[in-house]
Amino acid sequence: MISVPEAFKKFRSRLELSEREQADASRRQKEIRAHMDGSFDIASDFLTGSYRRWTKTKPLCDVDIFCVLGLQERPYRDKPPSALLRVVEKALAEKYGEKNVKAQRRSINVLFGVAVDEEEQTNDQVMSFDVVPAFDKDDHFEIPDTDTHTGWTETDPRVHYDKALEAQKLFSGEWKGLVRMAKKWNAHHGKPIKPSFLIEVMALEVIQPPFGGDYRYELKAFFAVLADRIDEEWPDPAALGPPVSDGMDAAQQQNARAELMKASDAAARAIQLENGGRNGDALRVWRDEIFGPLFPLS
Ligand SMILES: Nc1ncnc2c1ncn2[C@@H]1O[C@H](COP(=O)(O)OP(=O)(O)OP(=O)(O)O)[C@@H](O)[C@H]1O
Ligand SMILES: [Mg+2]
């Protein structure tokens, strides 16, 4: 049987992007760009969000692609954000089929019909993209946002990228791994924390260097502090967009807190089991109660 530290090492690497996944993401990016070019004046496109920052969890879904619109599309900026989202949705539905394409708050989700097996493997294929139509705004971007009163959100993915990189450096290269694991917990439990970007934003503040050298204790403490502070307001780290915490109401925050406390308690129990020599039971708790099938038992 594998030891708990070995299981964490394996789990950590399973949550990393593989070369084949990156190749698949790049192929999908080109395909979407080519299709968008047929319907819109696109100035540039790039992959961004947690995918670009290496804080995305697995299976790989909702990879963000910004499609920066050119001058010809500028009139959409004077209409409601839903008008732009709707035309992009329509254009993408021509290629991917109506049932696979859905307008969301700030983007259009495109499903590729990729199957996931019981072990949460996708054969290194990306399951979906979030296509984000964007306008240049000063040195950053403006994107549609149906949940804000102005209808648009300013965002600077470079600032988010730099902050994650800095946190990663200060935490001995283990900060992103920890964020991916916490996001895996979130996804496995039906996303009590919404959006999952909030986990990363909170991690920027609450994960204090240095890395103690042990994922088990770091995670137990991380879940506990997330529970403690989930009802606070968490601003955009780039100080441009609305609070990242605006996606949950009080009842959702209460639910997230309860789930986080359960996770922290389960982590404490797993550590106790392991200390009592019950390695197999400890692995089971990490897998069954916290992370799901991507956490290895062997
Ligand atoms: N409130 C906000 N203000 C400004 N920018 C934001 C805000 N929320 C999200 N963003 C930017 O948009 C990107 C995409 O948002 P998204 O919700 O997909 O988060 P993500 O970090 O990609 O996480 P996930 O792994 O869930 O996809 C974020 O990574 C961030 O750069
Ligand atoms: Mg994303």
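The values are calculated or read from the model by the stated rules, or taken from the named source; none is laboratory data. On a predicted model such as this, the values are computed, not experimentally measured, just so you know. No Cβ is skipped: glycine too gets one built from the backbone with ideal geometry, and neighbour counts run over all protein chains shown. Only protein heavy atoms, including side chains, enter the accessible area calculation; ligands, DNA and RNA are left aside. Shrake-Rupley method; radii C 1.70, N 1.55, O 1.52, S 1.80 Å.
Take F141 and decide whether it is farther than 26 Å from F11 by Cα and either outside any strand (DSSP E or B) or in contact with a strand residue (DSSP E or B) (Cβ under 7 Å, 6 or more places away or on another chain) (or both).
Spelling it out, F141 is indeed farther than 26 Å from F11 by Cα and either outside any strand (DSSP E or B) or in contact with a strand residue (DSSP E or B) (Cβ under 7 Å, 6 or more places away or on another chain) (or both).
Only residues that are touching a strand residue (DSSP E or B) at 6+ places or on another chain (Cβ under 7 Å), aliphatic (A, V, I, L, M) and assigned to a helix (DSSP H, G or I): list them for segment 50-94, please.
The answer is L84, L85, V88, L92, A93.
Report every pair of residues separated by at least 6 positions or lying on different chains whose Cβ atoms are under 6 Å apart, first residue within segment 270-296 and buried (at least 18 other Cβ atoms within 10 Å of the Cβ), second outside any helix (DSSP H, G or I).
If the second residue must be outside any helix (DSSP H, G or I), the pairs left are L283/L297; W286/F295; R287/F295; L294/E120.
Cβ-Cβ below 8 Å, separation at least six or inter-chain, first residue in segment 237-264 and charged (D, E, K, R), second crowded, with 18+ Cβ neighbours inside 10 Å: which pairs?
Final answer for the pair search is R257/A227; R257/I230; E259/H189; E259/P192; K262/E289.
Quick check on my filter: what residues within segment 45-69 are surrounded by fewer than 19 Cβ atoms within 10 Å (Cβ to Cβ) and under 18 Å from I108 (Cβ atoms)?
Scanning segment 45-69 gives F46, L47, V68.
Mind listing whichever residues of segment 188-223 are within 14 Å of ligand 2 (Cβ to nearest atom), assigned to a helix (DSSP H, G or I) and open to solvent by less than 40 Å² (accessible area, probe 1.4 Å)?
Across segment 188-223, the qualifying residues are L198, I199, E200, V201.
Do the conditions hold for L15, that is, is it in contact with a Ser or Thr (Cβ under 8 Å, 6 or more places away or on another chain), within 30 Å of L273 (Cα to Cα) and either surrounded by 15 or more Cβ atoms within 10 Å (Cβ to Cβ) or not hydroxyl-bearing (S, T, Y) (or both)?
Yes.
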